[in-house]
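Written below as structure tokens is the structure these notes are about.
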Amino acid sequence: MRKRIYSILISILLLSLLVTAVSAVSVSITPTQIEEGDTVTIRIADLADNRVFSLRMESAIELHGKTDFTYQANAVTIPFGLNTPRVSLVASPVTRAGLEAAEGDTTKGMAKLGSGSITISETLSSIPAGTIDFLKANGIAESGAEAVNMVLELSGTKTGPDSGEITFGIEGISDGSARIIVLVDGAEINNQLIRIGSPTVGLPVTSVLSASTSGDTISLSSLDGTVRLQASAGSVTNAAAGDLRIIQAEAQHLPSDWKMLAGGYIISPGDVSFTSPATLSFVMSGDAGNPFLALYENGAWTIIPSRVEGSHLVTDISRGGHYAMMTFVEEETPAAKSAGGWVALIGAGLIGLLMVFLRRRV
């Protein structure tokens, strides 16, 4: 009996050590003060495969009387690959915004016209480890604007080396700032503000792009507009109201009979809590079937109570975390499954062909 107890204790100890080792990701971001053209380094250690890596950069570009702007990251080196990555860019206040990427003599990109805030979002098949010659965001600011605020989000499932460096040089900002936030599986690992030159305009804040405060109510949305959070300003604990964000991140470990409709979305910081429940709502579009909301924690998804309010599926939450809108998979006929598989395969292949020129494999 005593041997059995010892065996159980040893098993628990080994399991706890394994969990600690798996979760002990470390990230450092340097330096905290740069000049235009200097290099930023994000050092990552002990990031195991199949973990969701998310990188968010919030930047402020002072215009100094100009209306056109350019923000460029040169020689972007990524030490590991990302599967099914999602990329989102938001610029404000602008009338035009674009995103370009180049390798060698080949450049590809996309641009949008609008007024106020412009969003560009894309889901790719994969990003392999390697180097992109440059990534450039540019556009035209609204008349009278002193600065342009931008948010760039990149998220995907990591594959490849567990440790390495993401490096890039910054051009196009003589005076401004950039806040870099790194998350793993929805948990914030590092949040670092980098000053560029000698900024005089206020530092970038999420309220410029996706959040607002009216009276005692905080209203916050994801960059793609799918998810919105509303909370009482006095109910926020373990974080300042201005630190709240909704960050898109790939959802993993879905049950075999579940299908993703929207997600995942991380309410960050992960340890934020609300003394009175906050309202989290997801936009339902098209024929969503029988949607439900779920929370990811401890390596598994759990269905949480929700209700329909117009075109939104709504739930009340008391803390941050990783949320998504799901539905159950409907049984398909063999013919439908075969056709769907071919469509997905062809679509993934086309995306891969479009994006392959952007990278130089290691």
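The values are calculated or read from the model by the stated rules, or taken from the named source; none is laboratory data. These figures come from a predicted structure and were not determined experimentally. Here Cβ is always computed from backbone atoms with ideal geometry, including for glycine, and neighbour counts include all displayed protein chains. These accessible areas exclude ligands, DNA and RNA; they are computed on the full protein's heavy atoms, side chains included. Shrake-Rupley method; radii C 1.70, N 1.55, O 1.52, S 1.80 Å.
Let me know the charge dipole size of the stretch 85-196 about its Cα centre in debye, to the nearest 20, where only the beta-carbon of Lys, Arg (+1) and Asp, Glu (-1) is charged. Intermediate values should be presented prior to the final figure.
Values: 8 positive and 14 negative charges, 55 e Å.
Its charge dipole is roughly 260 debye.
Partners of K158 within straight-line reach, counting aspartates and glutamates whose Cα lies under 15 Å from its Cα and excluding those fewer than 8 residues away in the same chain: D46, D49, D185, E250. Of the listed pairs K112/K136; K108/K136; K66/K108, which have alpha-carbon separations greater than 21 Å here? Going by Cα-Cα distance, K66/K108 fall outside the 21 Å limit. Using heavy atoms of the protein chains and a probe of 1.4 Å, the accessible area assigned to D68 is about 80 Å². Calculated accessible area for the stretch 236-283 comes out at 37 Å² per residue, all protein chains present (probe 1.4 Å; ligands, DNA, RNA ignored).
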